[in-house]
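To keep things clear, I will list the structure first and then write my remarks on it.
Read-outs throughout are calculated quantities, based only on the coordinates presented, and are distinct from any laboratory measurement. Just so it is clear, the structure is predicted and the values come from calculations on it, not from any experiment. Glycine gets a Cβ as well: all are built from the backbone with ideal geometry, and neighbour counts include every protein chain shown.
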Amino acid sequence: MSFRRGILALMPVALLGATGPLHADPRSWSEEWPRTDFSRHSVDYSEIISGGPPKDGIPAIDSPAFVPAAEARNLAPHEPVISVAIGDEARAYPLRIMVWHEIVNDTVGGVPVAVTWCPLCNSSVVFDRRMAGRVLGFGTTGKLRHSDLVMYDRQTESWWQQFSGQAIVGEMLGAELKMVPARVESVARFRNRFPEGKVLAPPDPSARPYGQNPYAGYDRAAQPFLYKGDYSGKVPPLARVVAVDGKAWTLELVRKRQRIEAGDIVITWEPGQASPLDSAEIGGGREIGNVVVRRRTANGLEDAVYDVSFAFAFLAFNPGAPIIAE
């Protein structure tokens, strides 16, 4: 299955006849979003398009269930997971599940978090859900900006950019969610680091073809899907980059050097992780390896906030920022 056919399978039947990006219009949003204050926005509405599914058409997981890491036997050792460790608690969120839900509202080590993955940008970000004295819960709007997931919070129905964690529409305009350090690693590495860790289980194993990749072949495509912007980067738009503090290194360079030090940042690479956006079966994806980014502190090396995203997305949200390729 091609990635375009897979994406179309996620769209409502009424939208399947559309060609090209499905442009959104705030004048037509009020029925679906009666609580959203569209008079407040920090981005041009022409940048926001419909990705196909309606509000919550890609359903976030709000009551996640977990199994001990040793019992998650349906995962190949090299399958990728987003891992979060806070205090004495460690949890892993397989991308075979995230690809069908994109957001998990959870609490880890007493901290309310939103674990997010946007497949079109390959952006994995974990946020602290606490904001202005309340705990927010997040869902999917069905909209995209720069091909990136636009989330919404259920308390005010403000819209948030997944890549940056910034509120771009509505009552919460200008607020910014705190990012939580996390890793994207193979489930085997997670098990080795956290033998007592927990792994997210599918909410209903029969509801979706978990393990299959609706975006098969996407990370080998020439151009990103549903992307309106111009791209003038020096590396292919779907080349993976390791982004830290507004700066990025190509994954190819990190893989070649295996260790890069820049200021207080230490980036390392080791083999053993499959691409979730390559083959029709996520467990069969080609090798891309495991990236770890840590920061030197007075207490030693500590996990830093980073993202392994596609170059086009990094530059869309960090125009003019450097991508180091050699």
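Computed values, structure above
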| quantity | calculated |
| --- | --- |
| Long-range amide H partners of Arg129 with built H, under 5 Å | Val113, Ala114 |
| Taking Asp37, Asp25 and counting other C-beta atoms within 10 Å, the order from fewest to most | Asp25, Asp37 |
| Rg(Cα) / (2.2 N^0.38 Å) computed for the range 28-70, rounded to two decimals | 1.78 |
| Alpha-carbon centroid distance for the pair the range 253-317 / the range 94-136, whole angstrom | 19 Å |
| The range 173-250 versus the range 30-77: alpha-carbon centroid distance in Å | 14 Å |
| Karplus-derived HN-Hα couplings along the range 277-289 (A = 6.51, B = -1.76, C = 1.60, θ = phi - 60°), whole Hz, x at Gly and Pro | 10, 10, 8, 5, 10, 4, x, x, x, 5, 5, 10, x |
| Residues in the range 266-287 that a label on Tyr231 would reach, taking backbone N under 19 Å of a point 7 Å out along Cα→Cβ | 275-279, 286 |
| Likely footprinting exposure, Arg145, Arg220, fewest C-beta neighbours within 10 Å first | Arg220, Arg145 |
| Three-way shape call for the chain based on the alpha-carbon gyration tensor, with the a/c threshold at 1.5 | rounded |
| Translational D in µm²/s for the range 35-95 (Stokes-Einstein at 25 °C, 0.890 mPa s, Kirkwood Rh from C-alpha pairs) | 154 µm²/s |
| Total formal charge among the other residues, if their Cβ is under 13 angstrom from that of Val43, Lys/Arg +1 and Asp/Glu -1 | +1 |
| Three-way shape call for the range 82-181 based on the alpha-carbon gyration tensor, with the a/c threshold at 1.5 | oblate |
| Under the Karplus curve 6.51 cos²θ - 1.76 cosθ + 1.60, θ = phi - 60°, whole-Hz ³J(HN,Hα) for the range 124-138, x wherever Gly or Pro sits | 10, 9, 10, 10, 6, 7, 7, 8, 6, x, 9, 9, 8, x, 10 |
| Rounded if a/c under 1.5, otherwise prolate or oblate - the range 3-184, Cα gyration tensor axes | oblate |
| Exposure proxy order (Cβ contacts within 10 Å, fewest to most) of Trp159, Trp249 | Trp249, Trp159 |
